[in-house]
Amino acid sequence: MNYAPLAPVAENHACEKVAHTYARFKELLDQDSLPLPILVLGRSPVLLQDFFMNSKRFVFTDGKLPARDKALIGLVVSATRHSEVWRSFFWERSLQLGWSAQEANDALAVASACSMYNAYFKFRDLASRDVFHVLPAGLRAHTFGGTSLQEPTVELINVVVCNLNGCAACVSGHVARVTELGLGDEAVHEAVQC
């Protein structure tokens with residue numbers, strides 16, 4: 001069975017409630033037109049409104065983390081979840097907010113390396129055999145220290161990706177490390193809400 005993606009709701013075809021939320025998004029993003037993923041959310045007025053309220057607070061504005069960092073987190077979240085339309089949106093947003101293409105690519109590389117580790121450590125926990133806990137992982141982690149990104153940013157990306165991948169041991173380790181590097185619990189909490 002083929003999956004047919006939802007068609008966007010054009011601004012000129014939106015009901016009053018959706019049109020109102022579209023206008024709020026335009027103001028929030030300081031844009032004359034809306035990105036495709038937001039137009040697709042127009043299919044569900046209540047979801048669009050929830051998404052506006054949540055993303056206003058946790059994605060598009062400064063909080064415990066600057067909006068610039070949240071855009072980079074949005075990029076790695078959308079890539080980790082295989083959402084090309086959101087990945088494209090957050091790629092452009094990251095660049096607009098001052099990340100270089102190299103830094104954005106490095107963030108995606110960190111997320112990819114992190115996902116490899118998550119798969120291995122989740123296997124160790126799920127296999128429930130002691131032998132897998134004593135065998136060496138044999139995985140390389142040069143990506144985490146060899147990018148153009150600062151270590152707190154790398155660790156914050158790791159926290160978010162580990163959380164998405166459901167690797168409890170990895171989340172715990174990266175939360176401890178990012179806290180050691182000076183990021184507060186509220187900033188970490190905000191990052192996983194991106």
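Can you report the number of residues in region 123-151 which are open to solvent by 70 Å² or more (accessible area, probe 1.4 Å) and in a helix (DSSP H, G or I)? Number satisfying all stated conditions: 8. Taking the options ARG68, ARG87, name whichever one is touching a helix residue (DSSP H, G or I) at 6+ places or on another chain (Cβ under 6 Å) and in a helix (DSSP H, G or I). The match here is ARG87.
Annotation note: of VAL110, VAL154, the sole residue that is assigned to a helix (DSSP H, G or I), among the β-branched types (Val, Ile, Thr), under 20 Å from THR80 (Cβ atoms) and touching a Leu at 6+ places or on another chain (Cβ under 8 Å) is VAL110. Number of residues in region 167-188 that are in contact (Cβ under 8 Å) with a residue 24 or more places away in the chain and open to solvent by 50 Å² or more (accessible area, probe 1.4 Å): the value is 5.
From ASN158, ASN118, which residue is surrounded by 12 or more Cβ atoms within 10 Å (Cβ to Cβ), among the polar types (S, T, N, Q) and more than 26 Å from ARG93 (Cα to Cα)? After applying the criteria, what remains is ASN118.
The values are calculated or read from the model by the stated rules, or taken from the named source; none is laboratory data. None of these values were measured; they are calculated from a predicted model. Positions of Cβ are backbone-derived with ideal geometry, glycine not excepted, and every protein chain shown enters the neighbour counts. Surface areas here come from the heavy atoms of the whole protein model, side chains and all, with no ligands, DNA or RNA. Shrake-Rupley method; radii C 1.70, N 1.55, O 1.52, S 1.80 Å.
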